[in-house]
Amino acid sequence: MSVTTPTSTEASPARAVGRSRPAGLRERLRYSDRLRTWIPLLVAIIGLSAYASANSDLYLTSANLEVLMDSVAVLGLITVGMTLLLAAGQLDLSVGAGATLASVIGAKLITGGASDPVAILVMLALPAAIGVCVGIVVTTTGVQPFIVTLGLLSVLQSLSLIQTGQRPISVGQRLVALDTTTFLGIPVSFWMFIGALLAGGAILHLTRLGRNAFAVGSNEEAAYLSGIPVARVKIAMFGISGLLVGAAGMLLLARLGAGDAAAGTGLELDAIAAAVIGGASLLGGRGSMIGTFLGVLLLGVIANSLTLLDVSSFYQRLVLGALLILAVVATAVAEKRRGSAESTADALRRLVGARRAPRPR
């Protein structure tokens with residue numbers, strides 16, 4: 001009489017069950033983390049808006065709401081790209097300088113006789129190409145993106161100063177339609193931000209590139225060993241972020257009517273703050289476009305409210321810095337809590353697998 005031994009096929013249902021329950025637990029934990037981020041942001045936005053409207057008759061006027069939406073569009077475009085980078089465990093400190101350089105180059109082209117479409121194409125392509133080059137340098141040399149983009153920040157700022165001669169390059173009314181046109185009462189610039197959010201969300205959650213980015217950001221070594229093209233993922237994210245930086249530079253030029261070497265100063269820190277406040281992690285592997293939208297909107301509401309209440313801009317930077325510190329601390333606490341919960345999930349998986357595995361006869 002032959003003795004049957006359990007094959008891998010027979011044992012697989014037990015292993016599948018052992019995997020599925022912790023996997024479901026992890027998904028619930030991630031969703032719970034997101035809710036713990038989004039709900040306080042919504043409460044803060046509503047509370048600040050209520051306080052501002054109670055103390056200023058101008059806050060809820062259509063003109064001010066248009067100003068608010070238009071003002072967050074530039075930061076929003078850059079923050080979408082920053083969220084994509086953070087999801088892949090990357091960081092770019094040169095995005096503000098890149099947007100500035102794009103606007104300066106666009107102004108130089110327009111004053112030199114180039115058509116608007118040509119200037120727009122160059123403003124989009126130049127930062128995208130710079131982003132791809134940064135990605136190639138990071139992946140081929142192994143240098144931390146923080147160091148590479150910190151050096152690039154100084155280079156791009158210097159190039160902008162050289163091109164402008166420290167004087168704004170006026171383009172008059174060219175491209176002004178991008179800043180003044182509305183659709184359904186909403187500025188076109190804000191619609192561009194919404195489009196970027198939708199595209200970014202689709203990339204992160206509906207494409208292989210997005211899934212690979214989360215894997216690289218969570219554990220780069222494990223992603224590489226599992227066959228994910230880590231270098232291509234990083235280069236793609238830097239390139240997409242650069243494209244959005246170019247779009248932000250285009251809006252800067254349309255809003256100011258001039259290429260100004262100081263136009264994008266501080267945007268990189270604002271973008272990092274908005275992304276982290278929205279739930280992205282500086283350690284990588286996390287990020288959502290809903291959180292990004294709420295983070296950008298919160299910063300816009302704070303700036304707009306404090307301006308209407310005649311609060312000094314110095315206090316605005318103080319509030320931004322305090323929010324960033326709070327968000328980073330909250331993220332660190334959430335990471336520790338999630339790590340503990342996932343350790344429990346792994347223990348449950350091993351326990352369930354051990355109980356359901358067939359015993360040899």
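No value in this document is a laboratory result; all are computed from the given coordinates. Here the structure is a predicted model, which is why all the values come from computation and not from measurement. As a convention, Cβ positions derive from the backbone with ideal geometry for all residues, glycine included, and neighbour counts pool all protein chains shown.
Things to note:
- Using the Stokes-Einstein relation with a Kirkwood hydrodynamic radius computed over Cα pairs, the translational diffusion coefficient of region 270-330 at 25 °C and a viscosity of 0.890 mPa s comes to 208 µm²/s.
- Stretchable slack from residue 290 to residue 133, in nm (0.36 nm times residue separation minus alpha-carbon distance): 53.6 nm
- With the cut-off at under 18 Å, measuring from each backbone N in region 195-217 to a point 7 Å along the Cα-to-Cβ line of residue 231 picks out 213, 216-217.
- Note on region 32-355: with charges restricted to the Cβ of Lys and Arg (+1) and Asp and Glu (-1), its dipole about the Cα centre is near 900 debye.
- Under 5 Å from the amide H of residue 93 lie the amide H atoms of 149, 150, each residue being 5 or more positions distant or on a separate chain, with H modelled from the backbone and absent for Pro and chain starts.
- Evaluating 6.51 cos²θ - 1.76 cosθ + 1.60 at θ = phi - 60° for every residue in region 142-155, the Karplus couplings come out as x, 6, 4, x, 4, 5, 4, 6, 5, x, 5, 4, 5, 4 Hz, glycine and proline recorded as x.
- Model label sites at residue 329 and residue 269, defined 7 Å from Cα along the beta-carbon direction, differ in position by 1.9 nm.
- Between the listed residues 274, 203, 238, the Cα displaced farthest toward the positive end of the dipole of region 169-319, a dipole computed from Cβ unit charges relative to the Cα centre, is found at 203.
- Region 144-191: proportion of alpha-carbon pairs further apart than 12 angstrom, %: 73
- Inter-label distance, residue 35 to residue 222: 2.5 nm, where each label sits 7 Å from its Cα along the C-beta direction.
- Distance (nanometres) between label positions extended 7 Å along Cα→Cβ at residue 181 and residue 150: 4.2
- Dividing the Cα radius of gyration of region 32-355 by its Kirkwood radius returns 1.00 for Rg/Rh.
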